[in-house]
Amino acid sequence: MARPEIKTWQNLEAAFAGESMAHIKYRYFAKLARAAGDEDTARIFEQTADQEVMHAFGHLDLLYPAADITPAKALQIAIEGETYEYSEMYPGFRQTAVEEGNAAAVAEIDEQISESKEHAGQFKAVLEKAAKRFAALAKVEERHANHYQKALDAIQA
């Protein structure tokens, strides 16, 4: 996959992160507004959140062009992301939370580490299952091709 210049790539990733965070934050604010009985504000936050998703998708279209992303490649990207989360990102965050004495953050991070491991495992299982399916399909296709070749050879003989 041809990547844009490194700085552009980093900017697109940062913009994607920002739009994604805004989407979730506005959904959360809508939930709070609705709980407070302010339906109009809740709807405004939800409408804006929908727009933020579209902005994020626009950035993803540039970061991961549809023509370059197969389901297997998407699974591999997801596995790498989840593995990074549980092996590097969250452990560092956890250490900081421990040092700062923030027990609630430590508990939240521990849960995220566990879930990231689970997600990575789920993605790996799907990828492995797909690889087995494609290997079996390749054998079937080879058998068909050999059968057709024998028929062609008989006709040409």
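Sub-8 Å Cβ pairs linking a first residue in the range 103-131 that is of a type in the set (Phe, Trp, Tyr) to a second residue that is assigned to a helix (DSSP H, G or I) and surrounded by 12 or more Cβ atoms within 10 Å (Cβ to Cβ), at least 6 apart or interchain, are 123/75; 123/78; 123/79; 123/82, ordered by first then second residue. If the condition is being over 15 Å from residue 62 (Cα atoms) and among the aliphatic types (A, V, I, L, M), then the range 5-25 contributes 21, 22, 24. The condition (being loosely packed, with under 10 Cβ neighbours inside 10 Å and under 24 Å from residue 16 (Cβ atoms)) is satisfied by just one residue among 66, 120, 56, 104: 66. Out of 36, 42, one residue alone is at pLDDT 95 or above, more than 26 Å from residue 128 (Cα to Cα), among the hydrophobic types (A, V, I, L, M, F, W, C) and surrounded by 15 or more Cβ atoms within 10 Å (Cβ to Cβ). It is 42.
The values are calculated or read from the model by the stated rules, or taken from the named source; none is laboratory data. These figures come from a predicted structure and were not determined experimentally. Counting neighbours? That spans all protein chains shown, and the Cβs are built from the backbone with ideal geometry, glycine included.
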